[in-house]
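The structure appears right after this line, and notes come after that.
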Amino acid sequence: MICPPTLPTFQIGNLPIFGDLVLAPMDGYSDLPFRRLARALGSAMSYTEFINAGEVFHPHARLAQRLEFTEEERPLIYQLYDHVPERILAAALELRKRNPDGIDVNMGCSVHSISTRGAGAGLLKTPEKIGKIIHLLSQALDIPVTAKIRLGWDADSQNYLEVAQAIEENGGKMIAVHARTKMQGYRGQADWTAIARVKEAVSIPVLGNGDVRTVADIDRMKRETNCDGVMIGRAATVNPWLLSRLDRADVPLELVRKTFENHFTYLTEFYGNYGVILFRKYAVRYLALYHFSRNLREQMLSVEDPEAFRQTSRLIFEEIALP
């Protein structure tokens, strides 16, 4: 467990945030088990996977799992996406009953089926609608409203400063900036100078996001952009210890084992036996630097019973630890 600072690093409205590293909201990754792990390793707050506003009043099993959280995760932010302001408002008011610490509007998802209907990064084409959404939420809610944005739809329409100002002017309390356009997706280099420009243009906290893979990247982003915090996404799925300011090569084997076991326990407690299957993608990444027998690797990736998986993983770590 990482000890947070005794004084807030920054505040989202009246919500104090202790720490400057934050796990990014990621569909398929930032579920409750991984958020628990990230908070223990040093993430200063928690974002849920994005929630379709239109599904809030039509609950299903997957939605129920997305909405569940634990007290240890707080501050906890629900992230919503949609292209209809009134539907986002209705969903936010319904989710407020679950007592989150804030509501975030997703304006960064580049998935074609979402962005082309005007939701996610598709909202970046309509700054006036963004302003309306943030205004409606800010007026109706007694918790902070935030937003995660990209730089624009494409290289020729980078309107991130206009979007950032619309968010602040309409009551938004923080902006997370993924420093790529929608059309870039996750390709190319993130433009950190754009994060610096957003920070200069608004008075609310700004989180920088994009191409943070090492401890040196964290420090360089803060130095070059003056952002209030650094949001770490894909790199954390490979090296969650980055949230503890540890590069992967510097993580001791005992900490890898402890993290491995804790994450597996969180997943199986939450999903049951299906958690064994879900954990495989993490297990491969956690063990990527080590050499162990092919037979054990095949067993690890094929067993479905939690206890059988634990027995296999114990053998793997014993083999890795051999001189």
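So, in region 200-211, of the ones that are over 20 Å from the mean Cα position of the chain (by Cα) and not polar (S, T, N, Q), which residue ends up surrounded by the most Cβ atoms within 10 Å (Cβ to Cβ)?
The qualifying residue surrounded by the most Cβ atoms within 10 Å (Cβ to Cβ) is Val202.
Determine whether region 28-38 contains at least one residue that is of a type outside the set (A, V, I, L, M), surrounded by fewer than 19 Cβ atoms within 10 Å (Cβ to Cβ) and over 17 Å from His263 (Cα atoms).
no
With respect to Arg98, is the statement that it is on the phi < 0 side of the Ramachandran plot, part of a loop (DSSP other than H, G, I, E, B), in contact with a His (Cβ under 7 Å, 6 or more places away or on another chain) and surrounded by fewer than 19 Cβ atoms within 10 Å (Cβ to Cβ) true?
Answer is no for this residue.
Pick from Ile218, Ile320, Ile277, Ile316: which is assigned to a helix (DSSP H, G or I) and in contact with a His (Cβ under 8 Å, 6 or more places away or on another chain)?
Exactly one of Ile218, Ile320, Ile277, Ile316 is assigned to a helix (DSSP H, G or I) and in contact with a His (Cβ under 8 Å, 6 or more places away or on another chain), namely Ile320.
When you look at Leu80, is it within 14 Å of Pro144 (Cβ to Cβ) and assigned to a helix (DSSP H, G or I), yes or no?
The answer is no for Leu80.
Given (1) under 21 Å from Ile167 (Cα atoms); (2) surrounded by fewer than 21 Cβ atoms within 10 Å (Cβ to Cβ); (3) of a type outside the set (Phe, Trp, Tyr), where does Ile51 come up short, assuming only one miss?
Single failed check for Ile51: (2).
For region 221-250, name all the residues that are part of a loop (DSSP other than H, G, I, E, B), touching a Ser or Thr at 6+ places or on another chain (Cβ under 8 Å) and within 30 Å of Leu278 (Cα to Cα).
Asp247
Being touching a residue at least 60 places away in the same chain (Cβ under 8 Å) and either of a type outside the set (Asp, Glu) or farther than 27 Å from Arg180 by Cα (or both) is the requirement here; does Gly122 meet it?
Here the answer is yes, as Gly122 does meet what is asked.
When the residues of region 50-73 are filtered to those that are outside any helix (DSSP H, G or I) and touching a strand residue (DSSP E or B) at 6+ places or on another chain (Cβ under 7 Å), which remaining residue is nearest to Ile149 (Cα to Cα)?
The qualifying residue nearest to Ile149 (Cα to Cα) is Phe50.
Condition check: within 30 Å of Asn159 (Cα to Cα), in a helix (DSSP H, G or I) and open to solvent by 10 Å² or more (accessible area, probe 1.4 Å). Does Ile114 satisfy that?
yes
If I ask for residues that are in contact (Cβ under 8 Å) with a residue 60 or more places away in the chain and either open to solvent by 50 Å² or more (accessible area, probe 1.4 Å) or in a strand (DSSP E or B) (or both), which ones from region 251-267 would you list?
Residues satisfying the conditions are Leu253, Arg257, Asn262.
Please work out which residue is least open to solvent (accessible area, probe 1.4 Å), limiting yourself to region 281-302 and to residues that are assigned to a loop (DSSP other than H, G, I, E, B) and closer than 26 Å to Arg234 by Cα.
Looking at residues that are assigned to a loop (DSSP other than H, G, I, E, B) and closer than 26 Å to Arg234 by Cα, I get Leu287.
Taking the criterion of being touching a Cys at 6+ places or on another chain (Cβ under 9 Å), of a type in the set (Lys, Arg) and not in a helix (DSSP H, G or I), would at least one residue in region 182-195 satisfy it?
Checked region 182-195: at least one residue is touching a Cys at 6+ places or on another chain (Cβ under 9 Å), of a type in the set (Lys, Arg) and not in a helix (DSSP H, G or I).
Could you tell me how many of the residues in region 269-299 are hydroxyl-bearing (Ser, Thr, Tyr), closer than 16 Å to Thr312 by Cβ and either out of contact with any helix residue (DSSP H, G or I) (no Cβ under 7 Å at 6 or more places or on another chain) or without any contact (Cβ under 8 Å) to a residue 40 or more places away in the chain (or both)?
Number satisfying all stated conditions: 3.
So, in region 125-172, exactly how many residues are of a type outside the set (S, T, N, Q) and touching a residue at least 60 places away in the same chain (Cβ under 8 Å)?
Final tally of qualifying residues: 3.
From the list Phe18, Phe57, exactly one residue is among the aromatic types (Phe, Trp, Tyr), on the phi < 0 side of the Ramachandran plot and modelled with pLDDT under 95. Which is it?
Phe57
Only residues in region 300-323 that are touching a residue at least 60 places away in the same chain (Cβ under 8 Å) count as the first member; pair them with residues that are part of a helix (DSSP H, G or I) and surrounded by fewer than 16 Cβ atoms within 10 Å (Cβ to Cβ), Cβ under 8 angstrom, at least 6 apart or cross-chain, and list the lot.
Phe317/Leu253; Ile320/Leu253; Ala321/Leu253
The values are calculated or read from the model by the stated rules, or taken from the named source; none is laboratory data. Predicted model, so just to flag it, every value in this text is computed and none were measured. Here the Cβ is made from the backbone with ideal geometry for all residues, glycine too, and neighbour counts use every protein chain on show. Note: accessible area is taken over every heavy atom of the protein model, side chains too, but ligands, DNA and RNA are not part of it. Shrake-Rupley method; radii C 1.70, N 1.55, O 1.52, S 1.80 Å.
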